[in-house]
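What follows is a single structure, written as structure tokens, with notes after it.
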Amino acid sequence: KKASYCLQGKNVRQCLLLLLLCGGTKAWIGGRLLELWRYGKLLLRSLYYNSLTDSDTLLDCAFEPVYWIVDNVTHWFGVVFVCLVTLLTSSVVVIVYLFVIPTIVSTYPAHWIAWHLCCGHWLLTMVVFHYYKATTTSPGHPPKDKSHIPSVSICKKCIIPKPPRTHHCSICNVCVLKMDHHCPWLNNCVGHFNHRYFFSFCLYMTMGCIYCSISSRNMFLDAYNAVETYYQTPPPDYSFRETTAHKSVLFLWVLTSSVAVALGGLTLWHAILISRGETSIERHINRKEAKRLKEKEKVFRNPYHHGKMNNWKLLFGVEKRSHWITRVLLPSSHLPNGDGIMWDCTFTRRDPMAI
């Protein structure tokens, strides 16, 4: 009987030991799986986590495919926009030569004829020259093989130093010196070396559209009244050339008037920026900085503002009075002041009023 009790106790101890071992194994496996799960979560989080991550960053990441599509569409449509500008400008020139100039020559006095011919061809020359230069001139890029150039940051996409006023263009996929914006109508960025060409094109194109709109105003009114009579019964007996002239003058006036208003507003905005010594990108940056400093009861001062007149002189490269004619009122391919890397600003100028 005693031996039977011993045998039963031994079996109980073996059962307890077996249960303990099984439970420990399960606990060890469960703990190991939990550890692997936590490690996997940490590893996955390390791939996208950043201490500076916020809602804006997450929103940018979510819209990254949209940005990519917009950038690529804008890049390829730039060729279409350039062709459209060339086509519309050429159509206006053809209409003016076929219908407007013959009317001016046959009805205006000699001095007005001379004025229209000189003014019209001068505006046409300035528009064509500056548009060609704006589209074909590189805006300027920071050198990739020089490490000693002054820089304010490192471009996260180009992985090169970014000089002051330099920004990365996501459409051209390159950093641009003194970048203003990417213009799809030029299929090119507006930067340090072609900013003057861009603004001059906008200015002279606006002036040319205003000139065409005013010069063809009487012809537009006559053509409009004539087109309204097309629906009379019986319709007036106009020749094919006359109906073509009516529709062409209507197209000319509507197009030039619309472009004058739209492009005139853009030109005025860029003129304000130039007077302030800012680019379009710097305008947004400076507004945020001015707001931030205002909360600290401080005043923001644009370091690249040299005074309104000096800002215009720097843009056009005017160094003496004759340059207002040779470099502003006449076609000129002179280079802008500076290399777009080193900038004269209030932090480096001894005399705040010096250029």
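Values in this text are rule-based calculations from the coordinates and carry no lab data. Everything numeric in this text was worked out from a predicted model, so none of it was measured. Glycine gets a Cβ as well: all are built from the backbone with ideal geometry, and neighbour counts include every protein chain shown.
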Span per principal axis, largest first, for the Cα atoms of the stretch 183-239 (Å): 61, 22, 16
For the stretch 195-316, whose charge dipole is built from +1 on Lys and Arg Cβ atoms and -1 on Asp and Glu Cβ atoms, the candidate among Met205, Leu263, Pro303 with its Cα farthest towards the positive end is Pro303
The rounded separation in angstrom of the Cα centers of the stretch 105-143 and the stretch 181-245 is 15
Between His168 and Leu117, how high is the FRET efficiency from 1/(1 + (r/R0)^6) when r is the Cβ-Cβ distance and R₀ = 56 Å? Nearest 0.05. 0.75
Rg(Cα) / (2.2 N^0.38 Å) computed for the stretch 209-347, rounded to two decimals: 1.71
Using a simple charge model, +1 on the beta-carbon of Lys and Arg, -1 on the beta-carbon of Asp and Glu, nothing else, what dipole does the stretch 63-329 show about its Cα centre, in debye to the nearest 20? 1600
With bins of 10 Å, the percent of all Cα-Cα pairs of the stretch 63-329 per bin from 0 is 6, 22, 28, 21, 13, 7, 3, 0, 0
